[in-house]
1. In the list LEU16, LEU73, LEU20, LEU6, which residue meets the criterion of being closer than 18 Å to THR109 by Cβ and within 17 Å of the chain's Cα centre (by Cα)?
2. If I ask for residues that are part of a strand (DSSP E or B) and either of a type in the set (Lys, Arg) or buried (at least 22 other Cβ atoms within 10 Å of the Cβ) (or both), which ones from the stretch 46-69 would you list?
3. Kindly indicate whether PHE59 is touching a strand residue (DSSP E or B) at 6+ places or on another chain (Cβ under 6 Å), over 19 Å from GLY227 (Cβ atoms) and at pLDDT 95 or above.
4. Tell me, which residue of the stretch 1-37 that is surrounded by fewer than 16 Cβ atoms within 10 Å (Cβ to Cβ) and β-branched (Val, Ile, Thr) is nearest to ARG103 (Cα to Cα)?
5. Of everything in the stretch 100-112, what is in contact (Cβ under 8 Å) with a residue 12 or more places away in the chain and more than 17 Å from SER52 (Cβ to Cβ)? Give them in sequence order.
6. If I ask for residues that are of a type in the set (Ser, Thr, Tyr) and more than 18 Å from the chain's Cα centre (by Cα), which ones from the stretch 247-303 would you list?
7. Which residue, of ILE47, ILE19, ILE11, is among the β-branched types (Val, Ile, Thr) and under 27 Å from ASN74 (Cα atoms)?
8. Looking at the stretch 177-220, which of its residues are surrounded by fewer than 19 Cβ atoms within 10 Å (Cβ to Cβ) and of a type in the set (Ser, Thr, Tyr)?
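The values are calculated or read from the model by the stated rules, or taken from the named source; none is laboratory data. Nothing here was measured: the structure is a model prediction, and the numbers come from that model. We place every Cβ from the backbone using ideal geometry, glycine too, and count neighbours over all the protein chains shown.
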Amino acid sequence: MKKDFLSILDISKEQLVQILKEAKQLKTDKKKGKVNDILRGKNLAMIFEKSSTRTHISFEVGMNELGGHALFLNARDMQIWRGEEIRDTARAASRYVSGLMIRAYKHSTIEEFARHATIPVINGLSDLEHPCQLLADIMTIQEHFGSTRDLKVAWVGDGNNVCNSLILSTVLTGMEVTVSTPKGYEPASDIVKKAKTMGGKITLVRKPERAVKDAEVIITDTWISMGDDDEREERLRVFARYTIDAALLKLASPDARVLHCLPAHRGQEIADEVMEGGQSLVWDEAENRLHAQKALLIRLLGK
C-alpha cells in the first residue's frame with residue numbers, strides 16, 4: 001500500500017520519532033559534507049498552484065542532495081489549468097516519477113491526486129494543512145527544548161492551515177497549545193474536535209496576552225495568506241492587536257522562543273525586534289524545512 005503525507009496525522013508517534021531522528025542525522029551529515037545518495041534514480045514532481053520560496057527550494061535541494069531529481073511544474077503551464085481532470089494527470093504522472101509534491105489552493109485537490117496516483121503524494125501546503133512545516137517546527141522545538149511533551153505553546157494570529165496542523169500535531173507531540181485569534185478567524189472546528197478526541201490539549205482564547213502567559217514557545221504566521229488579498233484592509237484592522245512584539249513577549253516564559261514559518265510581514269504579525277532578537281528561532285526553523293523533508297522523502301520514496 002502506497003504512503004501519502006497529506007496531514008500531519010498521516011504518520012504515527014513512532015514514525016515522527018524516526019523521521020526527526022533521520023532529519024537530525026541528515027543535518028549533521030550535511031554540516032560534515034557527507035553525501036547521501038539514497039534516492040539516486042528517484043524523481044519528484046513538484047506541482048505549484050501557489051507561489052513558493054521555502055517549499056520550492058527545500059524540496060528541490062533536498063532531492064538533489066539525496067541523489068535524486070526534482071521537477072518544478074507550474075500548474076498554469078500544465079494541462080490541468082486548461083481543464084484536464086486531476087485523475088488523468090495523477091495517473092500519467094505516476095508512470096513518470098517516483099512521487100508528487102503539491103502546493104494547492106484547495107485541500108481537496110491534493111486528496112484527489114492521492115486517490116488516483118499510484119505513487120506517494122505530499123501536501124506541500126493547502127488551505128487546510130501545512131504538515132511539512134510542522135515537521136520543521138517540531139524538529140526546531142526539539143533541538144532547543146529537548147522534548148515537546150507538556151511544552152506550553154501559544155499560537156497568536158490567524159487560525160490558518162499551519163495552525164490547524166499545529167493543533168493536530170499535539171496528538172503526536174504532547175504539546176499543550178493555546179490558540180488566540182480574533183472572532184471569526186478561529187482554526188477549523190472539526191480539526192480542534194479531532195485533536196481533542198485523540199487526546200490533544202487545545203485551548204481557544206481571544207486575548208493574545210492570555211495565550212502567551214508563561215508560554216515556552218510562541219508561533220505566528222502572516223495575517224494575509226495567499227488567496228486572502230481581497231480582505232487585506234479588513235484583516236489589518238481586525239488583527240491589529242495580535243502583533244508579537246517585545247511587550248507581548250515579556251508575558252511569556254523568560255526563556256520563551258518564537259517561531260514564524262515565513263514569509264514575515266514585520267510590523268504586522270511580528271515586530272522586527274522580536275524576529276531579529278535573541279529569542280527568535282525563525283532561521284533555524286527555516287533551515288529545518290530542508291532536513292525534515294529530506295527525512296520524509298527517504299521514508300516515502302526510499303526502499
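1. LEU6
2. Step one: of the stretch 46-69, the residues part of a strand (DSSP E or B) are 46-48, 69.
Within the stretch 46-69, MET46, ILE47 qualify.
3. Yes: the conditions hold for PHE59.
4. Ranking the qualifying residues of the stretch 1-37, first place goes to VAL17.
5. Selection gives GLU111, GLU112.
6. Correct list: SER253 only.
7. It is ILE47.
8. TYR185, SER189, THR197, THR203, listed by residue number.
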